[in-house]
Amino acid sequence: NISFRRVVNEEQLLPILRANGFEVFDPAERSVREQAAIFADAEAIVSPHSSAMTNLVFCRPGTAVMEIFAADYFDVSFWTAATSSACRYFAVMGERVGQDVPRTVIEARRQDIVVTSQLLASSLDAFCSNRQPAGGAPSPL
C-alpha cells in the first residue's frame, strides 16, 4: 500500500527470509502497541528503510538489525536509533535495475528498492554469522 520506496522484487525475497527463520509482517496492519511488542521480542529484524524502523527504540540490546536501502540513498537515522538501543546494525545497499540515476536527494529517498536473491542470501549469511562488530559504523554488506 505504499507508493514509493517499495521492494520491487519482495515476492522473490520472502522465501529466503522465511527459510532463515524470519516471520514477515506489515507494520501498517498493526497497532503501535503491537509493533512495539514485536520489535521488543525480536532477535533480528530485516527491513527496508522506512518509518517502521522507528520501532527500533523498543528493541532489546543485542538485537541484530539489517536495514535495506535503494542503490542511491543512505541515511544514518536508524543506525543511530539501533546503536543507541545497543543493537547490532547492518546496512545493505540495493541495486539500480532499470532505474534512472536520481537527480536530487528527494528522488533518491523515494527510489524503489531492488535486492537480488543472491545479495540477500549472502547478506543474511554475514548478518547471521555476526561478522560486523557490535556498534560499528554502518557499512554496506
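Descriptive notes on the structure:
- Normalised by the number of residues in the chain, the average gap of Cα pairs under 8 Å and 6 or more apart makes the relative contact order 28 percent.
- Listed residues G21, G94, G62, most fluctuating in the chain (Gaussian network, C-alpha, under 10 Å): G21
- Going by accessible surface with a 1.4 Å probe and the largest first, D100, D75 read D100, D75.
- Entry comment: accessible area of the chain is 56 Å² per residue, from protein heavy atoms only and a probe of 1.4 Å.
- With the helix formula -39500 (n - 2.57) applied to DSSP H stretches of n ≥ 4, the chain reaches a computed 222 nm mean residue ellipticity of -9500 deg cm²/dmol.
- Loop sites in region 1-40: GluC sites (Glu not before Pro), DSSP, at most 12 other Cβ within 10 Å: E23
- Ordered by solvent-accessible area of protein heavy atoms (1.4 Å probe), largest first, the residues R109, R5, R33 come out as R33, R109, R5.
- Karplus-based coupling profile of region 48-59, in residue order and whole Hz: x, 4, 6, 4, 4, 5, 4, 5, 4, 5, 8, 6, with θ = phi - 60° in 6.51 cos²θ - 1.76 cosθ + 1.60 and x standing for Gly or Pro.
- Share of carbon and sulfur in the accessible area of the chain stands at 53%, probe radius 1.4 Å.
The values are calculated or read from the model by the stated rules, or taken from the named source; none is laboratory data. Keep in mind it's a predicted model, so treat the numbers as computed, not measured. Glycine gets a Cβ as well: all are built from the backbone with ideal geometry, and neighbour counts include every protein chain shown. Heavy atoms of the whole protein, side chains included, go into the accessibility calculation; ligands, DNA and RNA do not. Shrake-Rupley method; radii C 1.70, N 1.55, O 1.52, S 1.80 Å.
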